[in-house]
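Notes to accompany the following structure.
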Amino acid sequence: QVPVVAVMTTGGGTRALTSLLGNLLGLQKLDLLDVISYITGSSGSTWTLSHLYQSADWSHKDLSRPIGEVRRHMTKCKLSCFSLESLKYLFCCNLASLYTMPRKSLGFILSLFLVNSQKNNHKLSDERQALNQGQNPLPIYMILNIKEDYSLSEFKEWVEFTPYEVGFLKYGAFIRAEDFGSEFFMGRLMKKLPESRICFMKGDVVHCENLNCIKIYFIFYIIQTLHIAIKGDEPSPPARSHELETYLVTPECGIMGIIRQVLTERVMVSKFYNFLKGFQVHSEYLQSKSFCIWKDTVLENFPNQLTETAEFMCLADTAGYIDISYPPLMRPERKVDVVLHLNYSSGSQTSPLEEASKYFLKQGIPFPKIHLSEEEKKNLKECYIFEDAETPEAPTVVFFPLVNDTFRKYKEPGVERSPVEMAQGNVDVSSIFSPYCLNSFTYTEEEFDKLVELTSYNIQNNKHLILQALNSAVEQKRQHKK
């Protein structure tokens with residue numbers, strides 16, 4: 001009779017990183033973190049989750065401490081990340097990775113920028129310690145598998161990461177999290193490679209609209225090129241058997257060749273060994289009775305071009321398609337009743353939800369129909385509830401757009417601001433001059449505090465709507481049981 005509740009977050013760079021901390025703080029103050037079974041994330045919101053899940057009991061502790069840690073790094077000068085010590089560690093300890101995995105180098109730099117993970121050996125599977133007693137919600141990280149020669153409209157597959165397993169929703173094929181990146185053939189583990197540190201994996205889920213990420217990626221490509229040029233004919237670093245050669249920079253015509261390659265290729269793609277290689281599924285792929293697939297896919301007309309034939313998986317940010325992390329929650333076996341949709345994406349605040357609704361309805365997956373008038377979109381409220389009374393299987397969606405509405409006049413729910421406190425309620429989250437744009441890696445202390453306070457307030461101020469959705473789900477379960 002207890003409803004299954006999930007939190008669904010979008011990407012949004014450092015804005016998502018900061019806003020999610022505020023939202024979770026609001027849920028904690030309402031004593032609602034205990035009712036959540038899943039938290040899904042993509043892009044910037046995954047940075048928050050990977051930071052929180054280093055603590056085994058984070059949801060039972062005061063969140064002010066991890067928020068303070070992120071605040072310290074979000075407000076510091078990022079030039080320190082290029083200090084001699086940082087660069088020495090980067091080039092000496094991860095030299096082979098720089099040559100073969102520039103995107104993993106990007107993830108390392110992002111960690112230095114955001115949560116100072118330079119000496120952190122935290123891995124995805126380590127997060128099981130935060131779950132083995134059921135003490136925290138299960139974190140689910142979302143990304144897309146694509147093909148470099150095809151557009152996203154032609155080919156994309158959802159890939160789900162949890163501390164326990166990594167897999168394709170489309171094929172129902174999963175492997176242990178600690179085996180991701182190792183070599184497989186026909187479903188068998190052929191060559192075990194060490195699990196990647198999570199600070200390197202953050203480069204896989206970087207927001208594709210974050211211009212600073214592209215700049216950093218470009219800078220380090222140039223640094224690598226200059227390093228090669230300076231060394232001349234010196235022998236390359238010795239190969240390390242435990243490292244995956246996923247990407248190789250090969251100068252075609254000196255430094256200009258490298259620059260051209262960087263500017264013209266898909267820079268937001270990571271390559272890992274494909275664990276579905278050689279796994280035979282194409283022979284029965286189009287026969288729905290014998291090939292068990294989930295609805296969240298579109299069958300290709302050419303089964304011989306499926307992922308099983310590829311040497312590598314090409315992973316890209318979900319924002320390139322739809323900036324959501326809903327798909328794992330729509331799996332029927334998870335039976336999610338209520339979804340708290342926390343939106344941090346750029347552009348229209350309602351677009352990700354509307355696109356998700358259209359996508360799931362097209363795929364025949366139960367989901368509420370979303371409709372807001374143009375006038376409503378111009379003056380968004382803090383919270384909306386969307387239900388589908390005719391489809392009991394569809395979850396109730398409690399939608400929180402990133403807006404500054406009543407927070408302008410109230411510092412806490414029901415507590416008005418004094419005249420001298422009005423400035424604190426002025427938080428620009430929507431204009432082109434907003435300090436929370438996607439290409440910003442640094443906030444002032446005031447900017448950081450305002451965003452955390454705003455997002456925490458929006459949750460607390462709509463406690464009645466959250467409880468309404470939970471009570472409705474309880475009643476629906478009771479009626480269904482009868």
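Any idea what the relative contact order of the range 336-470 is, in percent, if you count C-alpha pairs under 8 Å spaced at least 6 apart? Please report the intermediate quantities before stating the final value.
Working: 161 pairs, mean separation 34.2, N = 135.
So the answer I get is 25 percent.
Please go through the residue pairs Lys147/Lys362; Lys369/Lys481; Lys369/Lys463; Lys156/Lys378; Lys61/Lys463 and name each one whose alpha carbons sit more than 28 Å apart in this structure. It would help to have the intermediate numbers written out before the result.
Details: Lys147/Lys362 23 Å; Lys369/Lys481 25 Å; Lys369/Lys463 23 Å; Lys156/Lys378 32 Å; Lys61/Lys463 21 Å.
Violating the 28 Å Cα-Cα cut-off are Lys156/Lys378.
Under 1.5 on a/c is rounded, so check that first for the range 323-402, then, if it is not, pick prolate when a/b is larger than b/c and oblate when it is not; a ≥ b ≥ c are the square roots of the alpha carbon gyration tensor eigenvalues. It would help to have the intermediate numbers written out before the result.
Numbers: a/c = 1.78, a/b = 1.61, b/c = 1.10.
Prolate, since a/c reaches 1.5 and a/b exceeds b/c.
Accessible surface of Asp62 in the full protein assembly, 1.4 angstrom probe, to the nearest 10 Å²?
For Asp62, solvent-accessible area is about 100 Å².
Could you work out how much longer the chain between Ser431 and Phe185 gets when fully extended? Use 0.36 nm per residue separation minus the Cα distance between them, nm to one decimal. Intermediate results must be reported in sequence, preceding the final value.
Working: separation 246, 0.36 × 246 = 88.56 nm, distance 5.04 nm.
Full extension of this stretch gives 83.5 nm more.
Among Ile385, Ser348, His371, pick out the residue whose Cα is farthest towards the positive end of the charge dipole of the range 344-399, where Lys and Arg carry +1 and Asp and Glu carry -1 on C-beta, about the Cα centre.
With unit charges placed on the Cβ atoms, the residue in question is Ser348.
The values are calculated or read from the model by the stated rules, or taken from the named source; none is laboratory data. Since the model is a prediction, treat every value here as computed from it, not as a measurement. Methodologically, a virtual Cβ is constructed for each residue, glycine included, from the backbone with ideal geometry; neighbour enumeration extends over all protein chains shown. These area figures cover heavy atoms from the full protein model, side chains too; ligands, DNA and RNA do not enter into them. Shrake-Rupley method; radii C 1.70, N 1.55, O 1.52, S 1.80 Å.
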